[in-house]
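Engineer: Let me begin by handing over the structure; questions about it come next.
The values are calculated or read from the model by the stated rules, or taken from the named source; none is laboratory data. Being a predicted model, the structure only gives us computed values, none of them experimental. Reconstructed Cβ throughout: ideal geometry from the backbone, glycine too, with neighbour counts over all protein chains shown.
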Amino acid sequence: MTSRRTAAPALTEPAAETAAVPRFYRVASRREDTADTVTLELTEPAQAVPAFAPGQFAMLTAFGVGEVPISVSGLGDSAGGRAHRLEHTLRAVGAVTRALHAAPPGSLIGVRGPFGTSWDVASAAGRDIVIVAGGIGLAPLRPVVLTALADRSRYGRIVLLVGARTPGDLLYIDEMERWRRDGVEVVITVDRADSGWSGGSGWSRRSSSRPGSCRTTAWHLSAARTS
Ligand SMILES: Cc1cc2nc3c(=O)[nH]c(=O)nc-3n(C[C@H](O)[C@H](O)[C@H](O)COP(=O)(O)OP(=O)(O)OC[C@H]3O[C@@H](n4cnc5c(N)ncnc54)[C@H](O)[C@@H]3O)c2cc1C
């Protein structure tokens with residue numbers, strides 16, 4: 001009997017350069033957005049790490065618990081066009097996200113990536129932008145708003161349609177006020193309003209703002225609903 005042996009594939013790049021290797025990022029800050037959702041700002045390690053882009057996601061490790069995919073919700077401060085901080089907004093739903101949710105400033109989190117396709121925000125130059133997001137689905141789209149606002153004159157109208165189950169589930173509520181002042185048309189609706197809520201509620205109101213332009217680029221993301 002003959003056997004065929006194949007040579008082991010040559011390693012063409014050092015393991016440290018691949019997305020397979022988790023790096024240690026430090027939690028620089030932790031902001032509670034809602035009762036079950038936080039935004040963690042992570043500082044990259046001193047060693048060279050791959051750059052992330054809006055729309056991509058990382059595999060975040062809570063050491064000793066597990067690893068989950070979480071989108072980039074911001075790219076922090078930037079020097080020479082290269083962000084050295086990652087922001088992730090995550091909702092505590094299970095073991096791993098609960099552990100990440102509880103990570104205090106100064107603690108270490110594992111980061112692998114980037115994975116996924118990035119939003120090509122620059123391709124919307126000269127056009128209106130419409131962003132439709134529900135629940136935690138706004139997290140990966142936040143970088144679209146921030147990128148467009150950083151170069152506001154390149155784009156036409158920026159319309160952000162946001163939905164959440166209740167007013168208490170709305171993310172980035174203070175930031176959305178700032179975005180409004182900077183010229184973003186923010187329309188917020190909730191499924192179940194409470195007595196203090198003066199915005200829209202229910203699906204019918206969600207379609208009340210129509211961008212109306214034919215030169216529009218739209219991004220749309222909603223959270224998966226499990227309840
Ligand atoms: C590409 C990608 C990007 C993602 N980006 C984000 C992000 O930016 N922020 C974020 O919070 N999540 C994000 N998620 C979802 C996140 O990965 C899951 O919530 C996480 O894997 C749950 O792991 P766990 O171990 O904490 O919970 P598990 O033990 O896996 O799940 C616990 C329970 O929660 C339910 N559950 C899982 N996910 C959700 C959810 N999102 N909402 C409600 N119930 C849920 C499950 O059905 C299960 O019953 C992303 C997922 C993918 C695939």
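Engineer: Would it be correct to say that GLY64 is more than 19 Å from THR37 (Cα to Cα) and in a strand (DSSP E or B)?
Structural biologist: Spelling it out, it is not the case that GLY64 is more than 19 Å from THR37 (Cα to Cα) and in a strand (DSSP E or B).
Engineer: Next question. Considering each residue of segment 79-88, count those that are surrounded by 12 or more Cβ atoms within 10 Å (Cβ to Cβ) and either more than 10 Å from the ligand (Cβ to nearest atom) or within 26 Å of SER153 (Cα to Cα) (or both), and give that number.
Structural biologist: Just the residues of segment 79-88 that are surrounded by 12 or more Cβ atoms within 10 Å (Cβ to Cβ), to begin with: 83-88.
After this cut, where a residue has to be either more than 10 Å from the ligand (Cβ to nearest atom) or within 26 Å of SER153 (Cα to Cα) (or both) as well, the list is 83-87.
Residues meeting the conditions: 5.
Engineer: From ARG91, ARG98, grab the single residue that is in contact with an Asp or Glu (Cβ under 7 Å, 6 or more places away or on another chain), at pLDDT 95 or above and either surrounded by fewer than 15 Cβ atoms within 10 Å (Cβ to Cβ) or among the basic types (Lys, Arg) (or both).
Structural biologist: Only one candidate passes the filter, namely ARG91.
Engineer: Name the residues in segment 174-185 that are touching a strand residue (DSSP E or B) at 6+ places or on another chain (Cβ under 8 Å) and within 18 Å of THR39 (Cβ to Cβ), would you?
Structural biologist: Those that are touching a strand residue (DSSP E or B) at 6+ places or on another chain (Cβ under 8 Å) and within 18 Å of THR39 (Cβ to Cβ): MET176, TRP179.
Engineer: Which ones in segment 37-58 are under 15 Å from ARG26 (Cα atoms) and either near the ligand (Cβ under 8 Å from one of its atoms) or assigned to a strand (DSSP E or B) (or both)?
Structural biologist: Within segment 37-58, THR39, LEU40, GLU41, LEU42, THR43, ALA58 meet the criteria.
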